Amino acid sequence: MGRITLDKVSKSFGDVQVIPPLDLTIDDGEFTVFVGPSGCGKSTLLRLIAGLEDVSSGQIRIDKQDATHVPPAKRGLAMVFQSYALYPHMSVRKNIAFPMKMAKVPVEEQNRRIEAAANALNLTDYLDRRPGQLSGGQRQRVAIGRAIVREPSAFLFDEPLSNLDAALRVGMRLEISELHERLETTMIYVTHDQVEAMTMADKIVVLQAGVIEQVGSPLELYHTPRNKFVAGFIGSPK
Ligand code: ADP
Ligand code: MG
């Protein structure tokens, strides 16, 4: 579960093609990072996979099924944004439970999953608080918890740590990497931060103006960048 394939996927907004047709395979269980400068199309690509934008052409397959025109809620994916998008009037417990309530998961099962997510994310003591009573890092953990309880076949992160201060960011990177080890679930992580890309990724996809410049492991990109853009962006010596 969790293999995602893009076949000649493109995206235009009006007359402007922001993603020319591209092919990409994300393997099951892999931690893939989309990296590139602001405006290069990282969020658009992630939103196409999530189904929050329609493709202009091409096909998206998730677990071998054609998902190109499947609505977002039916793709089995969970997205975590930079703005936590929590409900301020609901407790942490209710925020985490919300997607399960929508999906009519039985209450006992909801409680089991909430306990497990709270344990994994060190939120056990905060379940009765409201988001306004939490730190930025804790709020982002609640947003991740809300994704976990959906038991998605893949997690999609769009710059989840860019609102956090530098020290907290380092800790949260580690937490997300550990979560990936534990869950063994496909994760796609968008960032413009090459340090995040180099430290977290199994596979990095380098984008420039909607074009994939190179795909490879952090070491491959560092030692054998295909061009000056990749070398410059990854910070390799060549
Ligand atoms: P990134 O996430 O890498 O910063 P985006 O995917 O947000 O880049 O944007 C890629 C390009 O597509 C930008 O030029 C942006 O202005 C454009 N774009 C994104 N969303 C829309 C939209 N809904 N309508 C028009 N243009 C958009
Ligand atoms: Mg973006």
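The values are calculated or read from the model by the stated rules, or taken from the named source; none is laboratory data. Nothing here was measured: the structure is a model prediction, and the numbers come from that model. We place every Cβ from the backbone using ideal geometry, glycine too, and count neighbours over all the protein chains shown.
When restricted to residues that are under 20 Å from residue 185 (Cβ atoms) and within 13 Å of ligand 1 (Cβ to nearest atom), segment 22-47 contains 5.
Considering each of 151, 178 in turn, give the residue that is modelled with pLDDT of 90 or more, at positive phi, more than 16 Å from ligand 2 (Cβ to nearest atom) and out of contact with any Ser or Thr (no Cβ under 8 Å at 6 or more places or on another chain). Sole residue among the options that is modelled with pLDDT of 90 or more, at positive phi, more than 16 Å from ligand 2 (Cβ to nearest atom) and out of contact with any Ser or Thr (no Cβ under 8 Å at 6 or more places or on another chain): 151. For segment 1-40, the tally of residues that are outside any strand (DSSP E or B) and over 25 Å from residue 64 (Cα atoms) stands at 7. Here residue 32 clears all of (1) of a type in the set (Ser, Thr, Tyr); (2) surrounded by fewer than 19 Cβ atoms within 10 Å (Cβ to Cβ); (3) within 12 Å of the chain's Cα centre (by Cα) except the condition numbered (2). Can you say whether residue 82 is within 16 Å of ligand 2 (Cβ to nearest atom), at negative phi and in contact with an Asp or Glu (Cβ under 7 Å, 6 or more places away or on another chain), as far as the supplied structure shows? For residue 82, the condition - within 16 Å of ligand 2 (Cβ to nearest atom), at negative phi and in contact with an Asp or Glu (Cβ under 7 Å, 6 or more places away or on another chain) - is met.
Being in contact with a helix residue (DSSP H, G or I) (Cβ under 8 Å, 6 or more places away or on another chain), at pLDDT 95 or above and crowded, with 19+ Cβ neighbours inside 10 Å holds for only one residue in 210, 216, and it is 210. If you filter segment 2-29 down to residues that are within 16 Å of ligand 2 (Cβ to nearest atom) and crowded, with 16+ Cβ neighbours inside 10 Å, you find that the one that is nearest to residue 57 (Cα to Cα) is 11.
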